[in-house]
Structures are given as structure tokens and as C-alpha cells.
Amino acid sequence: MKYELIIIGAGVWGTSAALAAMRSGLTSVLLVEANAGVASESSAKAGGIVTDLVWHPEDVDWVQRSRQLYQEAYERTRDRSILQRYGMLTLAEPSRRDLLQKRANGLEDRGIVAELWDITAIHKEFPELDRVDPETLGLWTPGDFHVNPTAYAESAVAEAKNQGLSVRLGSRVDRLDLNSSSVSVQIGNESLQAEKVLVTAGTWSAKLLGQSGFHLPMRPYRVQLSSLDFPQGYHLPMVWELKTDVYLVPDGPHNLLAGDGTRLFEHDPDDYQTTGDDEFESTIAAQVINLTSKADAAGLRTSWAGLAGSTPDRRPLIGQVAKRLFVACGDQGFGVMRGPALGELGLKVALGEAEVPHLNPLRHPGGDFPIRPGFTLEEEL
Ligand SMILES: Cc1cc2nc3c(=O)[nH]c(=O)nc-3n(C[C@H](O)[C@H](O)[C@H](O)COP(=O)(O)OP(=O)(O)OC[C@H]3O[C@@H](n4cnc5c(N)ncnc54)[C@H](O)[C@@H]3O)c2cc1C
């Protein structure tokens, strides 16, 4: 049997591509995932922030399309965790006033509410941010959401299966071989044939394609997150402090997720520390205490780390790698908020229904380019 399409990797991007494939009318599509469950790698480790406050206009479109797809998943399942609106407060030093204003204006031009606050307004709405420096400015984006990527991905797969998708879990693809009339997908001793293959293997994508001789300009780097126990509860939105890169995400009445940005050096997706390191664990609570006295009583529940994929220009890699072979990856650490749209876009490109030459995965030679964070307010770093 030859599949019309095999999609490799069932994170948020791959499961979204799979649903889009079934909706496009394909009838023999296989989604292959190395792990026992869908969205069990980076997608499961994410903070789940979905914000319109992204630096590239194209990203705003992708966030908005992704939000529609998260909303659809909520409507299918009525699982409230899939999409919850908390709003996000971005805190910045006065020297960033012009940048905040520019971003606020850009969002307002698109009909998205964004308010610039001084410390009085910050304290009025969120008095628990009582340790924030009095000079601090806040950009309040009330439409921002928190999502549960795993619940979303499970719902996307269930819906796609209803429409005929085949799924293989616990099956790691070892190699891809290109033939004149098909792509051969090697899983152990088994060889599956497909008209086309779309690789959505997250930070493994470069490794997998590298084994077939295609060198993607993507380098995996490490991102850490902690879960803090707030025994007395709290009243906070999602918060992002630009000066320290610390961000907070509500996670139930007594639990808050806290992260502090990224470790900008390359990691092997098959060999990296998946727990938070000692330095992170010993400093993250103190960073939160600098924002709110509510954290004085907080304790570290647990911490973990996952990987994100950096590209030379911080833009995703979406498109054709070779005849019949396509890829969608290069999340830059904010691929949950754009993933549903980018999985869908990857599928459309593979089917010839969309063209995005500026995202051509081979547009850069690769090699030893500097790893840079993607989720920033600045266009230039
Ligand atoms: C700590 C942390 C916090 C984050 N917070 C946010 C956030 O708040 N908001 C946001 O937008 N983004 C966030 N991100 C980024 C986000 O998690 C990623 O951008 C997103 O999950 C990428 O999804 P993906 O589907 O491309 O990758 P993944 O979820 O990693 O999926 C790739 C899948 O491919 C599978 N795979 C790999 N190789 C093979 C193979 N050879 N054969 C078969 N299957 C294979 C893997 O098992 C995996 O399931 C965060 C990331 C981390 C680590």
C-alpha cells in the first residue's frame, strides 16, 4: 500500500497538519509518532501562552488562526482547559516605552485591544504585583489566552480519525529514502511507502532529515519551566517581565507556572537534561518574589525542560526539502501559539495549495549560526 501522505511527529504542528489533511479531502494519510502518546514532547512541556504580542505581523495572523483552531477544539470537546482567557500583562522598563507603544498601536490597528498602563493602573487591576518597580510600564492585552496543547492535539487527532486518519504511536522513523515514485519511511525493519512525506518532528526534524542528507538550518536549544505552589492562592494574569524574561502562567488556584527564558546553546534532542537545572531551581522562586509578595510563601513543586528550534532569521522553516519531501519546524520557542496555523500551512504547501517561498526551509546554508530567542518584542536582537 502507498499512502498519499505520511506525517512524521504528532506534536501540535503534526496533529494540526493531520486534521487539515483529512479536511482537504485526502483519504489515505498516516500520522507516525515515536512516543506512546500525541503531543508528549515540547508541546506537553509548554507554558501554553497564546498572545497577539508577537513581533512579526505574519505571526499575529498565525496566532489568530491558531486561536480559531483551539476554539474549534474546545467546541468539539467542551474541555475548558483547551482555551482559557486570562489576559497578559507585559512589564517593561521606561526605556522601552516607545517599543511598547509601537506594539500597542500595531495591535489596535488590527482591532486588538492593547492598553499601556503606568504603575497606578497596574496596582489597581492587579494589586498583588506589589513589588514591581514603580517606574515600570505595563502593556495589557486582555484577549490573550492560555491553552492546553496536549488536550488540543488529542482532540485534533480524534477528529481526524473520524475522517479516516490512520495513526501509529510508539513508532520512531529511522530514515527516509527518496525513490522516483515515492518516499520510503523506514521504521525498524518495516518500510512504508508514501506519495509525499511531511516532517513535523519538532526539534528532531533536522536530525531526521540530516540522516537523509538534507541539512536544515535549525539548532535546538533548551527552555525551562517550573511549577510553584501558592498555598494561599493568588490573583494574577499571565505576566511577562521583559527585563528578566521571567513569565508567569496561572495553572489552577494554588499553582503558578514560572519560567525565565532560554539557554541559548545547542542541545541534542536525544540527550539533554529534561529536568530544570540547579541554578534555575534555586533562582526562579526568588525572581517571582521580586514581582509579588504573594510568592513569599510559595514553594517549588517541580521543574522541567524541553527544547525549541532556532533558525538563522528566527522565522519558521516551512516547505519543500526535496521532491515529495516537506517539513514544518523551527518554532523559536513560541510554537504552541502559532502551531495549529503552521501545521495547517505546512500541509497546504505540501499539497501545492499555498506558497511561502520566504519560509523555504533551505533558504539558509545552516551551520554554526547564533541561537537567538524567538519570543521577544524586538524585531532586531
Ligand atoms: C518549557 C517550554 C515552555 C514553552 N512555552 C511556550 C508557550 O508558553 N507558548 C508557546 O507558544 N510555545 C511555548 N513553547 C514552545 C512550544 O512548546 C513548541 O514550539 C511547540 O510545542 C512545538 O510543537 P511541535 O509539534 O513542532 O513539536 P513537538 O511537540 O516536540 O512534537 C514533535 C513530535 O515529533 C516526534 N518525533 C520526533 N522524531 C520522530 C521520529 N523520528 N519519528 C516519529 N516521531 C518523531 C516527537 O516524539 C514529538 O512528539 C515552550 C517550550 C518549552 C520547552
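Readers should treat all values here as calculations from the given coordinates under stated rules, not as data from a laboratory. What you see is a predicted model; the values in this text were computed from it and never measured. With ideal geometry, Cβ positions are generated from the backbone for all residues, glycine too; neighbour counts draw on all protein chains shown.
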Item to check | Unit Cα scatterers, Debye sum, the stretch 181-331: log10 I(q)/I(0) for q = 0.13, 0.19 Å⁻¹ | outcome: -0.71, -1.06
Checklist outcome for this item: Here the convex hull volume per residue of the stretch 1-130, taken over Cα atoms and given in Å³, is 168
Checklist entry - By per-residue mean of other Cβ atoms within 10 Å, what is the highest-first order of 127-136, 17-26? => result 17-26, 127-136
Item to check | Karplus (6.51, -1.76, 1.60) ³J(HN,Hα), θ = phi - 60°, over the stretch 251-264, in Hz, Gly and Pro reported as x | outcome: 9, x, x, 10, 9, 10, 8, 9, x, 9, x, 9, 10, 8
Checklist entry - In terms of modelled amide H atoms, which long-range or inter-chain residues lie less than 5 Å from the amide H of Val199? => result Ile8, Phe326, Val327, Ala328
Item to check | Other-chain or far-sequence residues with amide H under 5 Å of Thr376's (modelled H) | outcome: Trp55
Checklist entry - How much of the DSSP beta bridge set in the chain is antiparallel, as a percent to the nearest 5? => result 75
Item to check | Cα centroid separation - the stretch 302-381 against the stretch 239-278, whole Å | outcome: 21
Checklist entry - Amide H to amide H under 5 Å from Leu257: which residues, 5+ apart in sequence or cross-chain, H placed 1.01 Å off N in plane? => result Leu228, Val249, Asp251
Next on the checklist: Give me a comma-separated list of calculated 3J(HN,Hα) values for the stretch 193-199, in order, Karplus coefficients 6.51, -1.76, 1.60 applied at θ = phi - 60°, integers in Hz, x for any Gly or Pro.
Outcome noted: 10, 9, 4, 9, 10, 10, 8
Checklist entry - Ordered by residue, what ³J(HN,Hα) values in Hz, to whole numbers, does the stretch 319-327 give under the Karplus form 6.51 cos²θ - 1.76 cosθ + 1.60, where θ = phi - 60° and Gly and Pro are x? => result x, 8, 9, 7, 4, 6, 10, 10, 9
Next on the checklist: What are the extents of the Cα atoms of the chain along their three principal axes, in Å, largest first?
Outcome noted: 66, 45, 41
Checklist entry - Tally Lys/Arg at +1 and Asp/Glu at -1 over every other residue whose Cβ is under 13 Å from the Cβ of Leu291; what's the total? => result -4
Checklist entry - In whole Å, what are the Cα extents of the stretch 136-258 along the three principal axes, biggest one first? => result 60, 36, 26
Checklist outcome for this item: the stretch 66-90 and the stretch 207-224 have their Cα centres apart by a whole-number Å value of 30
Checklist entry - What nm value, rounded to one decimal, do you get for the distance between Asp270 and Asp245 when each label is placed 7 Å out toward the C-beta? => result 2.8
Checklist entry - In the structure shown, do any of Lys2/Lys161; Lys102/Lys294; Lys102/Lys348; Lys207/Lys243 have a Cα-Cα gap over 30 Å, and if so which? => result Lys102/Lys294; Lys102/Lys348; Lys207/Lys243
